[in-house]
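This report concerns only the one structure given below.
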Amino acid sequence: MKVLQVGKFYHPVSGGVESVTFDITELLNQKDIVCDVLCTDDGNNTRTDIINGYKVFRAGACFHVQSTSLSIDYIKLLRQHILNYDILHVHLPNPLATIALLFAKLEGKKIVLHWHSDIIKQKKLLTLYKPFETWMLKRADAIIGTSPVYVDCSEALSPVRAKCVDIPIGIDDGLLEADLTKVQEIKHRYSEKKIIFSLGRLVYYKGFEYLISAAKELSDEYVIVIGGTGPLEAKLKQQIISLGLQERVYLTGRIENEDLGSYFEACSLFCLPSIMKSEAFGVVQLEAMSFSKPIIATNIEGSGTSWVNEQGTSGLNVRVKDPQALAQAIENVLGDDEQYEFFCRQARERFEQSFRRETMVDKIISLYGKI
């Protein structure tokens, strides 16, 4: 069995879908299943890299439109190499991949779609892309959804639900390690207060402005620490200043991977305040759970985030765009030591049972076998 993972970008480019693709590729090869990768280069260079013995075909992009790379070389590379593989595992949304498949010789090839998210924001693009998406869904032999909630609620998947199987994302908890010296430095930096940690790109659907506003409702025994960079950074900094929260809310900028585990270890709980279905799963919740940290997340209609963070088990889920509800949930979790310890234990247990990358990949291998 030979598999080609087809995606937007690949390691060392960081991102939720890229991390999932990397974990699948690494473990398949470790299990002696030949698995290579087709992706676009984050620059404009077309080349083939060798990573841990497998091939990564990187296609230079001509230009980018609404977060979508356009690349003639991507189409050429798929046509050139497709005969070497039995299964194409395609990570979506990625209009370029669908277009490339239209021009490829698919006879005898099995197609697995990994449905990470619907197209939410780019409505004009979706109108143009919809016929191609419909063709791809009909052509697919199987479709992986990252949660049962997303599979059930996705309008795009509704006509092909019989092909869908939910396989939750899993991660390797050994990739993030806490340095006890750094943990103490972080705690000292924030005056030994209870750290509410959040992490992600500073973009529209993450809802960080509501978490910042929640700080107004909390006592000064709490600090909110938000890691990440993005286009809303200046706007969020201005919000912190205008609300007089400079001593209670901190934007750290990018946190390097070698330091990330220390932040998870240092925090009291993790908060995911996202507000739109673009947040389809919330992999950062798994990272927090792996450190036995309770979660405060939001009930996004049709998203899997509140399924990942099981209400009353690994934490609490609240209304979207509600700073008061976020603050109240934070106080509820951290205000009762016995309940807090319960959430800590259950967060780790839920991670162990459902969100290890080995579990994810074993289910994917089983699916490959069935098709």
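Since every read-out is calculated from the coordinates, none of them should be taken as a lab result. Remember, predicted model here, so these are calculated numbers, not experimental data. Cβ: placed from backbone, ideal geometry, glycine included. Neighbour counts: every protein chain shown.
The listed peptides 78-84, 104-110, ordered by packing as a protection proxy, come out as 78-84, 104-110 (highest mean of other Cβ atoms within 10 Å first).
Of the DSSP beta bridges with both residues in the chain, give the percent that are antiparallel, rounding to the nearest 5.
Details: 8 of 54 bridges.
DSSP beta bridges in the chain are roughly 15 percent antiparallel.
Here region 34-115 carries DSSP beta bridges of which approximately 45% are antiparallel, counting only pairs with both residues inside. For a straight C-alpha distance cut-off of 13 angstrom, the aspartates and glutamates reachable from LYS55 (same-chain residues fewer than eight places away being disregarded) are GLU26, ASP36. With unit charges on the beta carbons (Lys and Arg positive, Asp and Glu negative) and the dipole taken about the Cα centre of the chain, which residue among LEU106, ILE50, LEU180 sits farthest to the positive side? Highest projection toward the positive end goes to LEU106.
With the simple spin-label model, which puts each label point 7 Å out from Cα in the Cβ direction, the GLN246 to ILE72 separation comes to 5.4 nm. The charge dipole of region 24-100, taken about the Cα centre with unit charges on the Cβ atoms of Lys, Arg (+1) and Asp, Glu (-1), comes to about 180 debye, rounded to the nearest 20. Taking 2.2 N^0.38 Å as the expected size of a compact globular protein, what ratio does the Cα radius of gyration of region 88-208 give against it, to two decimals? Cα Rg divided by the expected 2.2 N^0.38 Å: 1.47. Projecting the Cα atoms of PRO294, PHE343, LEU211 onto the charge dipole of region 180-354, computed from C-beta unit charges around the Cα centre, puts LEU211 farthest toward the positive end. Pairs exceeding a 22 Å alpha-carbon distance, out of LYS130/LYS321; LYS130/LYS277; LYS8/LYS321: LYS130/LYS321; LYS8/LYS321. At q = 0.08, 0.16, 0.19 Å⁻¹, what is the base-10 log of I(q)/I(0) for region 180-354 according to the Debye formula with one equal point scatterer per Cα and no solvent? Please give it to two decimals. Computed log10 I(q)/I(0) values: -0.20, -0.90, -1.34. For the listed peptides 164-170, 140-146, 336-342, a ranking on the average number of other beta carbons within 10 Å per residue, highest first, reads 140-146, 164-170, 336-342. Once you treat every alpha carbon in the chain as an equal point and sum by Debye, what is log10 I(q)/I(0) at q = 0.09, 0.12 Å⁻¹? Taken in order of the listed q values, log10 I(q)/I(0) reads -0.52, -0.92. Sum up the charges of everything whose Cβ sits under 14 Å from the Cβ of ARG348, counting Lys and Arg as +1 and Asp and Glu as -1, but leave ARG348 out. For residues surrounding ARG348, the net value is -3. Each Lys and Arg Cβ is given +1 and each Asp and Glu Cβ -1; about its Cα centre, region 180-354 then shows a dipole of about 560 debye.
When the chain is described by a simple charge dipole with +1 on each Lys and Arg Cβ and -1 on each Asp and Glu Cβ, the residue from ILE144, PHE132, SER158 located farthest towards its positive end is PHE132. A Förster distance of 41 Å, applied to the separation of the beta-carbon atoms of ALA234 and GLU341, puts the FRET efficiency at 0.55. Ranked by the mean number of other Cβ atoms within 10 Å of their residues, highest first, the peptides 25-33, 90-98 fall in the order 90-98, 25-33. Our note on the geometry: Cα centres of region 203-226 and region 1-57, 36 Å apart.
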